[in-house]
Amino acid sequence: MQHSQNFPRRRRYKLHSLEQQEALLPFVRFCPGRTYRHYWQMPTPSKDYPSNVSYGRECAAHLLQWMKDNREYVGKGLLSRVARDIDFDDRDGRGQWMGFFNYLEIMMLLGADRVRVYRHVDSQHQLYLALGQRLKLEARFRRIRLRNR
């Protein structure tokens, strides 16, 4: 497939630490004057809008591969950090983030087609309620143990 922009090298993302894994994503970088990573550092967009959309799609594919390789970290806010760092007012970069999110929507539909969505979300609600109850109980037992010392 020929594009006017070079795509980042395709890879797997399984490493020992989460920090190493996220840093390998082609759109994640440290920036001067910032103590934490910037999650939307894209190359300067070209004048070719379809090429920018393609680049965004390719970056979404990298994110999806990262998620497949690091399932234990999925649902911990990576996508929200990406969205936080995108400048949605940047007209030149619009094709990149449009391609990125449009491809994620397509992939979400493919995944949603495989599950009963409302049944799944109900199970997630139950899981997080149970985790909250567990934390309350553990905190209560810690307080009792501290008092009995």
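The values are calculated or read from the model by the stated rules, or taken from the named source; none is laboratory data. Because the structure is a prediction, the values reported are computed rather than measured. A quick note on method: Cβ atoms are made from the backbone with ideal geometry, for glycine too, and the neighbour counts reach across all protein chains shown.
Structure above, values below:
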read-out: Positions within region 20-29 being over 13 Å from the mean Cα position of the chain (by Cα) and at pLDDT below 85, in sequence order; value: GLN20
read-out: Subset of region 79-109 [farther than 19 Å from PRO26 by Cβ and of a type in the set (Asp, Glu)]; value: ASP89, GLU105
read-out: Count of residues meeting criterion [under 12 Å from TRP66 (Cβ atoms) and either among the aromatic types (Phe, Trp, Tyr) or at pLDDT below 65 (or both)] in region 1-14; value: 1
